[in-house]
Structures are given as C-alpha cells and as structure tokens.
Amino acid sequence: MGPVAAASFAPWTPVWIRAAGEPVVDWAVIGEPLTDPFFEQTADRAMRHPFNRVFARTTPLGVLQQFGLDEFPLAPDGFVFHMSRCGSTLVAQMLAALPTSIVVSEAQPLDAIVGLYRAGRLSEDDAVLTLRGALGALGRPRLGERRLFVKFHASHVVELPLMARAFPNVPWVFLFREPRAVLSSQAQTLGAETFGGETGVVPDEEVAARAVAGYCEAALRHARIGRSSFVEYARLPNAVVDEILPFFGVRLDDGDRERLHLAARRDTKRPGEFAARERPGPSPRIDELAARLLDPAYEAMRARAAGC
C-alpha cells in the first residue's frame, strides 16, 4: 500500500490489532464519545453496528506508521500510569466526564503495539511511529473535543522511555496504593477464575506481587523522564481536581467541577451503582508478600508524592 493521508481514514478508528501472523489493523466507525471505562467496550459495541459489520476495514499495520502526529487535531495532554487496582479507572472516568476531553482507556491497539515491540517484532523506531499513528487516530475528535488523555495498562509503565520518545513533553502521573489493599483487591476480583476455580489450580500469589512490584519500581526508575507526579489512592477523588488536572494544565469552571463530582461518586466498574464497599484485611500470605516485595517501593512513592 502506498502513502496514505490521515484525512482519508476519517472517521475510521483502529479498534483492534491482530498479530498472530503479519500484523493487521481492524478499523471501525465510532460515532460516540469514548466514555466507557475501557476502550474495548466502545470498540465491541461499534463492531456490532450494522455498518461496521458490513463495511469493516482492515489494513496492514504499516498504515499506522505513515501517519504523523501533526496530521491529527489533538496531541496528548497527559498520561495516566498505575500499579493496578488503585483508582485508575475512576481517574479515567472523571477525565472523560469533561465534555472537552477524550480519554483513551487501555486501548487494545496500543497494548498490541507494545507487545510487538517487546517480542522484537517492531524496532524501537517502528514502535514509535506506530504508537504515534495509532494514538492520533484513536484520539481524533468526534464532538469537538480539545484535550486528549491516555490511561495505559499497568504493565506499560515499564515501557515509559518508549512512550516518552513517541510523545515527548507529555506530563504523566503514576497512581499507587497501599500494597496490601492492591493485592487483596486483585485476589478478590480474580476470585475463582484464577485462585482456584473449576480447575483447582491455585497459582503462586508471588507472581502477581512481583509483577506489581515491577510496575512500581519502573515508575520510580523512570520518574525523571519528562514531568511526572505520583498520586496516592487515598487522595482520590479530590486529587483529580486539586492535583492531576492542574498538573495536566487544565482549568476548570463550576460546570466542570459538578461533572467531576458526579463521576467520582459512581462505581466505575459497575455503572449505575455507587461505590461504598468494605474490604476485609489482608491474608497472612498477602501481608508477607507486601512487606517483602512492595513496602520499600511504596514508601519511596509516598515520599515522591509528598515532594520529599
């Protein structure tokens, strides 16, 4: 395929990258704002639309590499990284409550590009170009939006140098939480699917704890890349208004504050309900793992959040 222009792909959005063989991009027309907690929810709904079922568009991955950020109306205003189970979906939903904002939340195309880079199937140069084209297309305004924010998968903080090269000068926040609460939440959420279930296979919880520790250590290691801010879960949701949005350079009016207040009250994993759930204390195993693998990083992040 020869050179393409971003305008020729309006209003198409990359919704999925298939990488089993030669990587290809599936595109769909998304005629609604990206307000779901996760991008895949919007993408799945779009792919069920009769138009996209009939006229689905697929291109080689290289098409994304031919787009430049200057071909799209919006450049990213802020990135949200996190250690998992620490309020990142709440933050994304609050950002998405602002009518002038687009929030790309854990989009599969970005994850697939990172996966291809990690597997050695994309060079760093190609990964940078592909990430730029993908995010430009994902963040194309649909209703006159003027800002673009991205919430990444927890593991993507490991590739923060790659993201910084692809999107220089974009400020980023790292959300974190007391480690025992994170590991307990993961165990409760996965439940029988992973910690037992029909197969009776109980994996070593240390694998999950080491993964989370790796995310925290990567965030600390890369903290001097660009402009960074560490925000603790205990400061949410107020920190979105008082810390995160000002850090991203966003000024709020009274209407914005009301929208953010309403979004903060909703349970972001269960739309229509309100968040007010008690959680039991950590198991002895989780307490031991947190103390051994995560507490030092947690204290270091708290010190950064406090400006020490």
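The values are calculated or read from the model by the stated rules, or taken from the named source; none is laboratory data. No experiment lies behind these values; they were computed from the predicted model shown. When we count neighbours, we look across all protein chains shown, and the Cβ atoms used for this are built from the backbone with ideal geometry, even at glycine.
Key figures for this structure:
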quantity	calculated
Whichever residue in segment 118-143 is aliphatic (A, V, I, L, M) and not in a helix (DSSP H, G or I) and, among such residues, is nearest to Thr42 (Cα to Cα)	Leu143
Within segment 10-33, tally of residues that are of a type outside the set (Gly, Ala, Ser) and either over 21 Å from Ser101 (Cα atoms) or touching a Leu at 6+ places or on another chain (Cβ under 8 Å) (or both)	12
Test: Ser123 is modelled with pLDDT of 95 or more, of a type in the set (S, T, N, Q) and within 24 Å of Ala223 (Cβ to Cβ)	no
Candidate set from segment 108-149 (those that are of a type in the set (Asp, Glu) and in contact with a helix residue (DSSP H, G or I) (Cβ under 7 Å, 6 or more places away or on another chain)); member that is surrounded by the fewest Cβ atoms within 10 Å (Cβ to Cβ)	Glu124
Number of the condition not met by Ser84 [criteria: (1) at pLDDT below 95; (2) of a type outside the set (Val, Ile, Thr); (3) within 14 Å of the chain's Cα centre (by Cα)]	(1)
Those residues of segment 17-37 which are within 17 Å of the chain's Cα centre (by Cα) and surrounded by 19 or more Cβ atoms within 10 Å (Cβ to Cβ), in sequence order	Ile17, Leu34, Asp36, Pro37
Of the criteria (1) at pLDDT below 95; (2) under 21 Å from Ile102 (Cα atoms); (3) not in a helix (DSSP H, G or I), which one Ala263 fails	(3)
Selection count, segment 144-192, where residues are out of contact with any Ser or Thr (no Cβ under 9 Å at 6 or more places or on another chain), in a loop (DSSP other than H, G, I, E, B) and more than 18 Å from Gly78 (Cα to Cα)	1
In segment 47-80, the residues that are among the small types (Gly, Ala, Ser) and either modelled with pLDDT under 95 or over 20 Å from the mean Cα position of the chain (by Cα) (or both)	Ala56, Gly62, Gly68, Ala75
Residue identified as surrounded by fewer than 23 Cβ atoms within 10 Å (Cβ to Cβ) and among the aromatic types (Phe, Trp, Tyr) among Phe81, Phe55	Phe55
Exclusive hit being surrounded by 11 or more Cβ atoms within 10 Å (Cβ to Cβ), in contact with a helix residue (DSSP H, G or I) (Cβ under 7 Å, 6 or more places away or on another chain) and at pLDDT below 95, set Pro282, Pro237	Pro282
Count - residues of segment 85-112 that are in contact with a strand residue (DSSP E or B) (Cβ under 7 Å, 6 or more places away or on another chain) and either hydrophobic (A, V, I, L, M, F, W, C) or more than 23 Å from Phe176 (Cα to Cα) (or both)	12
Pro203 at pLDDT 95 or above and farther than 26 Å from Ala164 by Cα	no
Filtered residue count, segment 220-255, keeping only those that are in a loop (DSSP other than H, G, I, E, B) and in contact with a strand residue (DSSP E or B) (Cβ under 9 Å, 6 or more places away or on another chain)	9
Qualifying residue in segment 50-66 (condition: within 16 Å of Phe152 (Cβ to Cβ) and in contact with a Phe, Trp or Tyr (Cβ under 7 Å, 6 or more places away or on another chain))	no
